[in-house]
1. Got a sec? Which of Arg36, Arg16, Arg41 is exposed (fewer than 10 other Cβ atoms within 10 Å of the Cβ), modelled with pLDDT under 85 and of a type outside the set (A, V, I, L, M, F, W, C)?
2. What do you reckon, is Glu31 surrounded by 10 or more Cβ atoms within 10 Å (Cβ to Cβ), free of Cβ contacts under 8 Å to residues at least 40 places away in the same chain and assigned to a helix (DSSP H, G or I)?
3. Anything in the range 19-41 that is of a type in the set (D, E, K, R) and over 8 Å from the mean Cα position of the chain (by Cα)? List them, or say none.
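The values are calculated or read from the model by the stated rules, or taken from the named source; none is laboratory data. Source: prediction; values computed, not measured. Because the Cβ atoms are built from the backbone with ideal geometry, glycine has one as well, and the counts that use them run over all protein chains shown.
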Amino acid sequence: MVFFVAAQGAFLDACREDLSYATKRWHRYKERRFLRQQTSR
């Protein structure tokens, strides 16, 4: 179990930058969709 926690920590450290980048893109995409829906009305 300890090894799993350590591996998970290393995995999160490796993916943290990719994750932040992906979340930024996701938020931008959702904002664009929301604005598009607002303007279509």
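1. So the residue among Arg36, Arg16, Arg41 that is exposed (fewer than 10 other Cβ atoms within 10 Å of the Cβ), modelled with pLDDT under 85 and of a type outside the set (A, V, I, L, M, F, W, C) is Arg41.
2. yes
3. Of everything in the range 19-41, those that are of a type in the set (D, E, K, R) and over 8 Å from the mean Cα position of the chain (by Cα) turn out to be Arg28, Lys30, Glu31, Arg32, Arg33, Arg36, Arg41.
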